[in-house]
Amino acid sequence: MGTHRLKVPLAIFCLCFFWIAGFASLSPRELLGIAPQDVGYYKSDVIKCKDGSKKFTKQQLNDEFCDCPDGTDEPGTSACPEGKFYCRNAGHIPQTIFSSRVNDGVCDCCDGSDEYNGSANCPNTCWEAGKAAREKIKKKIATHQEGLLMRKQEVEKAKQAFAKDEAELLKLKNEEKILKGLVEKLREHKERIEKAEEEERLRKEKEEKKRRDAEIKSNELNKSSEESPQDDTEGTQDTLEKASQGKIEVVQESAVQLENEYKSGTEIPDDHTVTQITNDHGDSITSSHVSDHKSDEVPSDYATDQAQSSETTEGLSKEELGRLVASRWTGEQTEQGEEQTKESDDAKEEEQEHNIDFPESAEEENYDSYNSENDDDRHKYDDDDFEDETDEEYQEDHVEPDVSTHSGEDFKSDFPDATPSGRPSWLDKIQQTVQNIIQAFNFFKTPVDISESSRVKNEYDDASSKLSKLQSRISTLSEKLKHDFGKEKEFYSFYDHCFENKKNKYTYKVCPFKKATQVEGHSTTQLGRWEKFDESYRAMQFANGDRCWNGPDRSLKVRLRCGLKDELADVDEPSRCEYVAILSTPILCLEEKLKELQEKLEDMNKSQPSHDEL
Amino acid sequence: MGSPDRRSPASLLLFLLFVLVFSSADAWKKDEFRSCRQTPFCKRARGRAPHSIPPFSVAEVSLSDGAVSARLVPSPAIYQVTDDDASAAADDNDDNLRPLLLRLSVYHGGILRLEIDEDPSSASTPKRRFRLPDVLLPDLEDRRLWLSRLSSPSDADFTSFYVADGFEGVLLHSPFEIVVRRVGSAAEPVLSLNSHGLFDFEQLRAKKEGENWEESFRSHTDARPNGPQSISFDVSFHGANFVYGIPEHASPSLSLRPTRGPGVDESEPYRLFNLDVFEYLHDSPFGIYGSIPFMLSHGASSSSGFFWLNAAEMQIDVLAPGWDDPAAPDTGRIDTFWMSEAGVVDAFFFVGPGPKDVLKQYASLTGTQAMPQEFAVAYHQCRWNYRDEEDVAAVNAGFDEHDIPYDVLWLDIEHTDGKRYFTWDKVLFPNPEEMQKKLAAKGRRMVTIVDPHIKRDDSFHLHKEATEKGFYVKDESGKDYDGWCWPGSSSYPDMLNPEIREWWAEKFSYKNYVGSTSSLYIWNDMNEPSVFNGPEVTMPRDALHYGDVEHRELHNAYGYYFHMATANGLLKRGDGKDRPFVLSRAFFAGSQRYGAIWTGDNSADWDHLRASVPMVLNLGLTGMSFSGADVGGFFGNPDADLLVRWYQLGAYYPFFRGHAHHDTKRREPWLFGEHNTALMREAIHIRYSLLPYYYTLFREASVSGIPIMRPLWLEFPADKETYDNGEAFMVGPSLLVQGIYEKNQKSISVYLPSGSSWFNLRNGVKLDGGASHKLDVSEDGVPSFQRAGTIVPRKDRFRRSSTQMVNDPYTLVIALNGSLAAEGELYVDDGKSYEFEKGAYIHRRFIFADGKLESIDIRPPNAGNKKFSTDCTVERIILLGLPSGAEKAVVEPGNHETNIELGPLTLRSGSKPIAFTIRKPNVRIADDWSIRIL
């Protein structure tokens, strides 16, 4: 296209003419596509390419030939691939578009200025578009204004809650120190008592032993051959252990008890949780086994499958074969097709049940990693399982540790005066009691007074149980406070919140700082565990969710935006197993953004052509 | 949404371990496909030693109807059965002693045709052997030469006849052999058939009492109601250094490596059997999606070709020198051994003598590349799957946002209502027409997938209709064949039947294909046909087609017919005015007439990137000019490095499409960080700027059959260094591109062919030909060079899509040779209709000599009455290799002066002014003009 063929519509010509009255040295053609703040740059007769590569004359400005590879000399034409075209869009917002859009037959600027060679008829739609845009922006501003107030309250609340929790933690830590000392004292005391008792017992036992030695020797062989087949191995083992390790039995017993107490302190469930826990108990036993079992079996099962597919597809029906081969491309398990026989339906249900177990066990192991003791716990747990133990204490042992809020409340109910205001505190009381006991106890009395000794033991048990509860509360709190809640702790309330969204058959549940799941009926898929805030607190990232078959681990990115309600929306899976969602919340109604919007609106209002143009 | 499925972290480790251990098992399932050993006809034929079977002799040679006809008489000698196959032993009977009919005919341009079939007058069964119709061009008979004289000296045991100037055919009588040779004192052979006495022909016969013809493979049984009927023979390419062709096979090698003989470990023949192979290997002779039984040879002294028109399973051995006699010295020829399960001998010898002659000879039989619409030559964006209208809009906007041009957005199978083709998922795509119009508003098109498997669902109108009309392929018992594919239980329209093809074509009308618009085009996948529960993932060989043709006889052409019917559907839809665009995965000889093909489900690894070049080159050599590999690799996740390199190379494939499996991460070009986005944008921009050159090359391909992407030796037939170079290639006659096939490669050795100098298109540096040059590898692009003496037309302005480039001005890049001369061509038409067939096009030749550039009209005066006009001008002329000093040029007519100054080779920020550039000559592309440098 030669310059002689350039047709500048009259409107634009006029527009430019008025607009650049101050820069009479530039013709309308030369001014095409130049932003007002840039006009000065083009005033001289010889102009530099912005990248410094070259100089060009004013005649070369917008002459449809690219002289500067960076596009400096052709802001108004499509000649330079890397150029940018400015459209003023009076009535709306100015826009900078790629040079590739200039005279391409598509209307890009609402004022039509990008199409001036007549190949497209682009009416000026800025006024209507601008009006709509202004309305939209006004609405946004209103939302931001209202949201900002809510945000302030939220931040205030969060700050208070944070401070409160911090104060509590500090206090608890002090209390822990004192209580630890008490427990230590009691333990020493208890051990001395036990030692005395033990000595007495040994003495008695010696006497007894002497007396019965001969008798036992003669009977032992017969007895063991008669009884052992009836006993289960464990029983036998137990008996044997008892017989041989009788000396340390007492110590061991109390250790077990201590540990149980400690654990029950970790999670003190309310009634509601207890029932759940009972279920969990049953499930989690299965799950831990299923998961162990599966981790061995799933792959080898699958391996067999693979082997079958290359060796024994003979055995498959035509349909099964079709599904099997199709599944290579789709990555779907063949059982999950639509039209299934009843049998395979059952199999599917069963499998789903198993699937349900997965996240639980995954979670368990996840939380396991928080506590170093856990590996041992688990082994113990398995042993207990085999012993078929079902007492309440045991059940309490296996509460999921993520019910932190409950445990917090429970903690308070267990320590009714745990609040700073409660005076005199339970700690003072317990200190007093311990003092009394220790003073009252007479070590030199033999045999040991049984009621006194049990009082000491009880008090020790009580105090150490309190200590573990205290410590678990401390760990819960410090776990919480460790998180990044934003610059102003504005996301503090999110810690105990979950947000839900229903889409088709799925319910999505997003629990910030914890995890995100997709629930379909009875089956739960973990989309990810909390990772971090992203994009300067404009997104929450959940990662390492359940693995996709033949794919990546699931992950979820939750984009945050300003809204008057906390609302989860637009859950989507743009790439396989990579989910995105949008969460509206007042917390994202930011002052800067409001200002930005207001400035934008101002600009838009300013550029309304009604008063200064035409 | 992903199906619920989890693994506990504890089992994760084991799972990963399992992935590692079984990922190889997960890939190509070797056991599911037959080896030659498991294929009785192949095993039998391959087990024979040269001259070990009773020879055929020629009798009753005569001229009839302008062609040589004769009888091929088997000798009554007892078969020396060397293998243990029962049915081979059963061949030893009178039926195989009936004489065969032989016919030799000659076609214009250096083509000899050999036909051998049974004599119907003495047949012992009613079954006739299948001769594949519809592949040879309908006007071929018009180009047959009428032979009027046979030369058969009375004392000689042969008959010779004219084939082409300088070439004659020789029919040796006993034993039977055919030789094409040069006329003259040397009488050098070019091609020969049965020089090693391996010709065998199993004749149809009645089944004997107690004989079992069934064949089983894995759980599948092939009834083989017609018994053994295979054909095999040897073909020798004399004076050849290498042989090429017979796609489709994946290999990093350009030439066909020997499959038997000294130095070859136990290996398989090249298999031609259209198969849907899950995660195919990048280096294997096994058959994949398409088959073209055309092999060509090249050597320093001659090029030749051989084509066997036969759609049954074929196995071809390339024999290493010394295969028949280890003591024999290298004979300067390449022997090959051809085996087919069924059909007839209908074979063509192409005499060359140049490589382009061979390609033209082949094209004169099976046709040339259909001229595509301009948009189809641009960049295509595909994924399994763009999920819904919102996704489509977002991807479309993504390209605009990043200023990356693209022309076509593709929808894979998930857009349909339950894999019922011609329908839309009502939830995901409620407004397909509106969606297409939105794309069209930016000059973009959409492609949807239509596969041959039809869901067996009585509420699906297509199934209902096909069932009622009896349009499906039948199983061996005569019932509609029921196989398993994406929709589950499916049947397959019998595309061999012209009536059914017409019916199919009608389905593409706007009325029948609800939700389609004029900017919608079609993709045919799974047309091998892929049948998930069939033998070797395809249709049973005993399935029955129109005219009682067994599937075994036609298998390799099923996809061809399906492609043909679909393309005709689009042609009909547009009243014959809109050039169809149909991409097919399966193909056969002649598929080039119906559209493009791609190399199927490749993988995102460097080996597949490397193999893509020999694959596309061999497709081009065998007529399929319009092909490409999935950029990025279909399976798996390419890292940014691989993806960028693939874009940089793929931008030069004739068919340029990004595609990905649905389990892969999203990989639209802007998802890998700004820097990589810029690199991929640049790669795509290069393709767009070269669109005028590519379109001109497509014109050449559509006229002469010379491919767009060419092995170096096609342009430099005398340069032996180029014969097996599968890493670099020519785009047309002017550009040489070298791929980068390794991660983090720092430098690369590029061989530039002799007889010409080369200009590095990155920096304008001139390099000598006939030498390897060690170059630094840049991340900005793959090495590319313009050959001295050529002119390449470009359009350097960038747009959203090719549609908006129509009126943009041109840039001519002139690379001057030693005598400061260069030549190039430009072809332009409306880019969409068939008006060019009536002469509505511009075809110019640019000639630079003696300091003057001239534009000459080379559109022949008899091209037609229609004219194509455009106001497009030339905005810039870049001169590489011009000695310094020039400052002005004069444009005629008009005698106006224009400036010459230093300018960059590409208009990119930071590019340096390195080449003399004629500024704004502004001459119209449609006009005659000249520009003289002062």
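The values are calculated or read from the model by the stated rules, or taken from the named source; none is laboratory data. It should be emphasised that the depicted structure is a prediction, and the values quoted were computed from it without experimental measurement. We place every Cβ from the backbone using ideal geometry, glycine too, and count neighbours over all the protein chains shown. Quick note on the areas: whole protein, heavy atoms, side chains included, nothing else; ligands and nucleic acids left out. Shrake-Rupley method; radii C 1.70, N 1.55, O 1.52, S 1.80 Å.
Structure summary
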{"item": "B:G864 at positive phi, touching an Asp or Glu at 6+ places or on another chain (Cβ under 9 Å) and not acidic (D, E)", "result": "yes"}
{"item": "Contacts under 7 angstrom Cβ, first residue in the stretch A:67-85 being facing another protein chain (nearest Cβ under 9 Å), partner assigned to a strand (DSSP E or B) and open to solvent by 10 Å² or more (accessible area, probe 1.4 Å), 6 or more apart", "result": "A:G71/A:K84"}
{"item": "Flag for B:S911 being within 14 Å of chain A (Cβ to nearest Cβ) and among the small types (G, A, S)", "result": "yes"}
{"item": "Test: residue in the stretch A:121-141 that is assigned to a loop (DSSP other than H, G, I, E, B), surrounded by fewer than 17 Cβ atoms within 10 Å (Cβ to Cβ) and more than 48 Å from the chain's Cα centre (by Cα)", "result": "yes"}
{"item": "Flag for B:A312 being of a type in the set (A, V, I, L, M, F, W, C), out of contact with any strand residue (DSSP E or B) (no Cβ under 9 Å at 6 or more places or on another chain) and more than 14 Å from chain A (Cβ to nearest Cβ)", "result": "no"}
{"item": "Enumeration of residues in the stretch B:235-278 that are within 21 Å of B:H196 (Cα to Cα), in a loop (DSSP other than H, G, I, E, B) and not polar (S, T, N, Q)", "result": "B:G239, B:A240, B:L256, B:R257, B:P258, B:G261, B:P262, B:G263, B:V264, B:E268, B:P269"}
{"item": "In the stretch A:571-589, the residues that are touching a residue at least 24 places away in the same chain (Cβ under 8 Å) and within 14 Å of another protein chain (Cβ to nearest Cβ)", "result": "A:V571, A:R576, A:C577, A:E578, A:Y579, A:V580, A:A581, A:I582"}
{"item": "Output for the stretch B:455-473, where each listed residue is assigned to a helix (DSSP H, G or I), in contact with a strand residue (DSSP E or B) (Cβ under 6 Å, 6 or more places away or on another chain) and either modelled with pLDDT under 95 or over 11 Å from B:R420 (Cβ atoms) (or both)", "result": "B:A466"}
{"item": "Filter pass, B:T873 being among the hydroxyl-bearing types (S, T, Y), more than 25 Å from B:F785 (Cβ to Cβ) and within 14 Å of chain A (Cβ to nearest Cβ)", "result": "yes"}
{"item": "The listed residue being at pLDDT below 90, surrounded by 15 or more Cβ atoms within 10 Å (Cβ to Cβ) and assigned to a helix (DSSP H, G or I), out of A:S493, A:S478", "result": "A:S493"}
{"item": "Hits in the stretch B:269-287 - residues which are over 11 Å from B:N556 (Cα atoms) and within 14 Å of chain A (Cβ to nearest Cβ)", "result": "B:D276, B:V277, B:F278, B:E279, B:Y280"}
{"item": "Residue within the stretch B:882-905 that is within 26 Å of B:P733 (Cα to Cα), within 13 Å of another protein chain (Cβ to nearest Cβ) and either β-branched (V, I, T) or in contact (Cβ under 8 Å) with a residue 40 or more places away in the chain (or both) present", "result": "yes"}
{"item": "Qualifying positions in the stretch A:499-551 - assigned to a strand (DSSP E or B), within 14 Å of chain B (Cβ to nearest Cβ), touching an Asp or Glu at 6+ places or on another chain (Cβ under 7 Å) and not basic (K, R)", "result": "A:Y506, A:T507, A:Y508, A:T525, A:Q526, A:A543, A:N544"}
{"item": "Condition met for A:A581 (over 16 Å from A:H497 (Cα atoms), open to solvent by 10 Å² or more (accessible area, probe 1.4 Å) and part of a strand (DSSP E or B))", "result": "no"}
{"item": "Some residue of the stretch B:485-506 being within 14 Å of chain A (Cβ to nearest Cβ), under 30 Å from B:A378 (Cα atoms) and either over 28 Å from the mean Cα position of the chain (by Cα) or not in a loop (DSSP other than H, G, I, E, B) (or both)", "result": "no"}
{"item": "Residues located in the stretch A:517-550, provided they are open to solvent by less than 50 Å² (accessible area, probe 1.4 Å), of a type in the set (S, T, N, Q) and within 15 Å of A:R576 (Cα to Cα)", "result": "A:Q518, A:T525, A:Q526"}
{"item": "Identity of the residue in the stretch A:315-334, small (G, A, S) and either under 18 Å from B:F635 (Cα atoms) or open to solvent by less than 20 Å² (accessible area, probe 1.4 Å) (or both), that ends up farthest from the other protein chains (Cβ to nearest Cβ)", "result": "A:S327"}
{"item": "Matching residues in the stretch A:49-62 - criterion: being open to solvent by 10 Å² or more (accessible area, probe 1.4 Å) and farther than 15 Å from B:G910 by Cα", "result": "A:T57, A:K58, A:Q59, A:Q60"}
{"item": "Criterion: modelled with pLDDT of 90 or more and more than 18 Å from B:V344 (Cα to Cα) - qualifying residue of B:T39, B:T82", "result": "B:T39"}
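Quick grid of which residues meet (1) over 26 Å from B:D391 (Cα atoms); (2) out of contact with any Asp or Glu (no Cβ under 7 Å at 6 or more places or on another chain); (3) among the hydrophobic types (A, V, I, L, M, F, W, C); (4) open to solvent by 10 Å² or more (accessible area, probe 1.4 Å):
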residue: B:N556; (1), (2), (3), (4): yes, yes, no, no
residue: B:A567; (1), (2), (3), (4): yes, yes, yes, no
residue: B:G574; (1), (2), (3), (4): yes, yes, no, yes
residue: B:W606; (1), (2), (3), (4): yes, no, yes, yes
residue: B:R610; (1), (2), (3), (4): yes, yes, no, yes
residue: B:L617; (1), (2), (3), (4): yes, yes, yes, no
residue: B:G632; (1), (2), (3), (4): no, yes, no, no
residue: B:L642; (1), (2), (3), (4): no, yes, yes, no
